[in-house]
Structure formats: C-alpha cells, structure tokens
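Enquirer: First the structure, which I've put down as structure tokens, then a few questions once you've had a look.
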C-alpha cells in the first residue's frame with residue numbers, strides 16, 4: 001500500500017488548476033504527522049510527502065522524511081522546483097528521499113506565466129541538478145496537460161535523460177477542480193467503481209490528518225468516509241465527492 005501525506009497547502013506558485021490555492025494555507029503539525037505514522041499498517045512500504053502545496057516550504061519536512069525512513073519505509077515527494085538548487089538543499093533532498101518528482105508543465109515562459117508558474121528555466125535547473133546528484137533513475141517529471149502542448153516540449157527536452165520517467169496528467173473534471181478552470185464536470189452514467197477503492201492500495205491524508213482513499217477529494221464537506229463510499233458504490237451509487245472523477249471505471 002502507498003500512502004501520501006499532504007504536509008502543507010502553502011505554495012510559491014499560483015497554478016490555475018491547483019485546488020490548494022483555494023484552501024487554508026497551513027502546514028501539517030508534527031503531532032498530526034506522528035499520529036498518522038503511528039497508525040499506518042505494517043504493509044505500507046512507501047510514504048510520499050506531498051499534496052496541494054510545495055513540500056520544501058515545510059521547515060520540518062526533513063524530520064518527517066527521517067521518521068519515514070526510521071520506520072523502514074521508502075520516501076517520495078514531488079516538488080515544483082521553484083527555488084535555487086544549492087548544495088545544502090540538494091544534499092538534504094538526496095538524504096531525505098529515495099525518489100523525487102519534479103512538476104514542469106511547459107518550457108515556454110509566457111505559457112508558464114499564464115499557468116501561474118515561475119520561469120521554467122529555474123525548474124529545469126533543479127531537474128538537472130537532481131539528475132546529477134541523484135541519478136536519472138531516481139527522478140520523475142510530472143506535467144499537467146493544459147491543452148497548449150507544454151508536455152510535448154518537456155518530453156522533447158527529456159530525451160537527453162532517457163532514464164527520467166515522464167508522467168503527463170490530464171486536467172481533473174471533478175467539481176472541486178473544474179470550477180477553477182471552467183470545465184464542466186462529467187456526470188458518470190451506468191454502474192461505476194473507483195479504481196482506488198477497488199484495489200485498496202492507496203491512502204491519502206490531507207493537511208488536517210483526514211484519511212481518504214485517494215488524493216482527488218478536495219472538498220471534504222461531502223466526504224462520507226471510506227466504508228460509506230464502498231457501500232454506495234456497491235449499491236450502484238456514485239458518492240457526491242466522486243462525481244466527475246477521471247478515476248471512475250465502468
């Protein structure tokens with residue numbers, strides 16, 4: 001089972017597709033983090049410290065990663081690369097995480113500014129520094145497809161690093177996402193199941209410590225809990241918090 005823990009909702013970018021910009025800007029407390037770690041099942045082998053904010057902004061990120069390692073589990077994070085890759089920071093990232101993802105949507109500066117990101121050249125510098133320090137096989141690059149061809153530019157650039165995994169993500173069409181960029185949420189038709197609930201191989205803890213079966217439930221006011229969601233799906237009813245989700249399967 002993979003666990004993802006949202007350590008902060010604060011960010012140094014303003015990406016238009018990010019629900020975190022509508023959330024209260026806060027860091028997870030160490031007490032909440034410790035409670036989550038203490039309750040993790042033994043079969044959890046990997047913990048990702050990421051969410052709707054930039055993990056490096058959390059001053060105790062390194063203590064959290066060390067606690068994950070001390071529990072015998074591997075660590076992961078995704079960073080936006082919006083900072084200068086100093087030797088001290090690179091060393092910390094190398095020691096803290098077994099694998100690191102970097103988000104980069106486009107190489108075009110005007111497009112990046114439209115998205116709400118800083119200069120892509122800065123993120124490229126972080127990617128190159130991480131590849132040099134960690135090795136390409138420990139680095140992933142994530143791109144959100146906003147419809148302007150940015151991921152294709154990123155893919156072409158990464159040909160110089162064939163061992164870097166490139167993951168392209170479509171815009172999510174759930175209401176709590178789509179309201180930010182004008183898409184209409186897709187109402188599921190027919191009997192559907194959730195890919196996450198079906199496999200039961202994922203748990204997401206938001207910045208307050210709330211446990212969820214996936215990372216796509218952002219408006220938790222309609223979240224009924226994992227067992228209630230299973231019951232509704234078994235009855236052929238899609239829970240309100242899941243309407244329009246791209247992870248629903250026929």
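Enquirer: Show the residue pairs meeting these rules: Cβ distance below 6 Å; 6+ apart or different chains; first residue within the range 128-143 and under 13 Å from residue 91 (Cα atoms); second residue assigned to a helix (DSSP H, G or I).
Expert: Close Cβ pairs (under 6 Å, with a partner that is assigned to a helix (DSSP H, G or I)) amount to 129/90; 133/90; 133/94; 134/94.
Enquirer: Consider the range 30-82. How many of its residues are over 18 Å from the mean Cα position of the chain (by Cα), more than 23 Å from residue 216 (Cβ to Cβ) and at pLDDT below 95?
Expert: Qualifying residue count, the range 30-82: 1.
Enquirer: Residues being closer than 22 Å to residue 99 by Cα, out of contact with any helix residue (DSSP H, G or I) (no Cβ under 6 Å at 6 or more places or on another chain) and not in a loop (DSSP other than H, G, I, E, B): count how many of those fall in the range 38-59.
Expert: Residues flagged as closer than 22 Å to residue 99 by Cα, out of contact with any helix residue (DSSP H, G or I) (no Cβ under 6 Å at 6 or more places or on another chain) and not in a loop (DSSP other than H, G, I, E, B) within the range 38-59 amount to 4.
Enquirer: Identify all residues within the range 122-142 that are surrounded by fewer than 21 Cβ atoms within 10 Å (Cβ to Cβ) and more than 18 Å from residue 87 (Cα to Cα); write none if there are none.
Expert: Matches in the range 122-142: 137, 140, 142.
Enquirer: Please go through the range 122-145 and give me each residue that is farther than 17 Å from residue 112 by Cα, touching a helix residue (DSSP H, G or I) at 6+ places or on another chain (Cβ under 7 Å) and not in a helix (DSSP H, G or I), ordered by number.
Expert: Listed by number, the list holds a single entry, 139.
Enquirer: For residue 245, work out the one condition from (1) at pLDDT below 90; (2) within 30 Å of residue 60 (Cβ to Cβ) it doesn't fulfil.
Expert: (2)
Enquirer: Return the pairs, sorted by first residue and then second, in which the second residue is buried (at least 17 other Cβ atoms within 10 Å of the Cβ) and part of a loop (DSSP other than H, G, I, E, B), the first residue lies in the range 236-250 and is without any contact (Cβ under 8 Å) to a residue 40 or more places away in the chain and on the phi > 0 side of the Ramachandran plot, the beta carbons are less than 6 Å apart, and the residues are 6+ apart or on different chains.
Expert: none
Enquirer: Determine whether residue 201 is at pLDDT below 95 and touching a strand residue (DSSP E or B) at 6+ places or on another chain (Cβ under 7 Å).
Expert: Working: at pLDDT below 95: yes; touching a strand residue (DSSP E or B) at 6+ places or on another chain (Cβ under 7 Å): yes.
Yes.
Enquirer: Quick one: is residue 68 surrounded by 15 or more Cβ atoms within 10 Å (Cβ to Cβ) and in a strand (DSSP E or B)?
Expert: On the way: surrounded by 15 or more Cβ atoms within 10 Å (Cβ to Cβ): yes; in a strand (DSSP E or B): no.
No; evaluated as a whole, the condition is false for this residue.
Enquirer: Moving on. Being part of a helix (DSSP H, G or I) and farther than 27 Å from residue 181 by Cα is the filter here; which residues of the range 1-37 pass it? Even if it seems obvious, please write down each step before you answer.
Expert: Filtering the range 1-37 down to residues part of a helix (DSSP H, G or I) leaves 19-22, 30-37.
Correct list: 30, 31, 32, 33, 34, 35, 36, 37.
Enquirer: What is the one condition in (1) closer than 24 Å to residue 8 by Cβ; (2) touching a residue at least 24 places away in the same chain (Cβ under 8 Å); (3) in contact with a strand residue (DSSP E or B) (Cβ under 6 Å, 6 or more places away or on another chain) that residue 212 does not satisfy?
Expert: Unmet for residue 212, out of (1) closer than 24 Å to residue 8 by Cβ; (2) touching a residue at least 24 places away in the same chain (Cβ under 8 Å); (3) in contact with a strand residue (DSSP E or B) (Cβ under 6 Å, 6 or more places away or on another chain): (2).
Enquirer: Quick one: which of 153, 169 is in contact (Cβ under 8 Å) with a residue 40 or more places away in the chain and surrounded by 14 or more Cβ atoms within 10 Å (Cβ to Cβ)? Step through it out loud before you land on a result.
Expert: On the way: 169 fails: in contact (Cβ under 8 Å) with a residue 40 or more places away in the chain.
Residue meeting the stated conditions: 153.
The values are calculated or read from the model by the stated rules, or taken from the named source; none is laboratory data. In this text, all values refer to a predicted model and were calculated from it rather than measured experimentally. Note that we place each Cβ from the backbone using ideal geometry, even for glycine, and neighbour counts take in every protein chain shown.
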